[in-house]
Amino acid sequence: LHLLSRRQRQMCIRDRSMGTGCDSRKGAEYRKLESFMEQRIDLSRLYAPEDLAKSTVRMPGPKIVHYLDSSGCVGCKLQSLRMWNVVRGRMRVPVVLVVHVPDMQAIHAQMKMIHFTLPVLYDTLGSFAATYHIDREAYHTFLLNGRNQPRAVGNPIGSDKIWRLYESAIRSDE
């Protein structure tokens, strides 16, 4: 699921034995991933209450986007956000949180309580996930290149393999 480049997708097509979506059972998921990787993500339509978020959206170069919605345990998700504060120094690119929850003020207060310091963009209309088809949690974290196209998909926290994919993609974009 965590394909990185066209070259890797082509290798996947050539080598049907890989477990990355090439077999017929996973073909639909592979096509969805391929479609996701080819689109351009527009972050400028999201509400950015702080200057840091606004400037991060306009920054050229790659950035990591992590999407948070109100499905499941929001408190658990907020606790996992603490890790983003820790790991942001490990990556050489900005990390942006996109949030869609019914009570924006409550989530903002909770993020302050856990000392969340990364830029936050709010999806006030709830259209971000629907527009970019990130309905599955696997698509909630992705790396954008300088043209705001996804280069890697998956959460690198707790996965050395995905960290290496992100680092490789960042090096190739420099």
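The condition of being of a type in the set (Lys, Arg) and within 26 Å of Asp51 (Cα to Cα) holds for only one of Arg164, Arg147, that being Arg147. Summed over region 35-54, residues that are in a loop (DSSP other than H, G, I, E, B), open to solvent by less than 50 Å² (accessible area, probe 1.4 Å) and closer than 25 Å to Glu167 by Cβ total 3. Looking across Asp123, Asp135, one residue alone is of a type in the set (Asp, Glu) and touching a residue at least 60 places away in the same chain (Cβ under 8 Å). It is Asp123. Taken residue by residue, region 49-71 has at least one member that is at pLDDT 75 or above and at positive phi. Could we say that Pro94 is touching a Lys or Arg at 6+ places or on another chain (Cβ under 9 Å) and touching a residue at least 12 places away in the same chain (Cβ under 8 Å) here? So Pro94 fits the description; yes.
From the list Val65, Val57, the lone residue that is in contact (Cβ under 8 Å) with a residue 24 or more places away in the chain, assigned to a strand (DSSP E or B), within 23 Å of Tyr166 (Cβ to Cβ) and not polar (S, T, N, Q) is Val65.
The values are calculated or read from the model by the stated rules, or taken from the named source; none is laboratory data. For clarity, every value in this text was computed on a predicted model and none was experimentally measured. Methodologically, a virtual Cβ is constructed for each residue, glycine included, from the backbone with ideal geometry; neighbour enumeration extends over all protein chains shown. The protein model used for the area step is the full one, side chains on, heavy atoms only, and it has no ligands, DNA or RNA in it. Shrake-Rupley method; radii C 1.70, N 1.55, O 1.52, S 1.80 Å.
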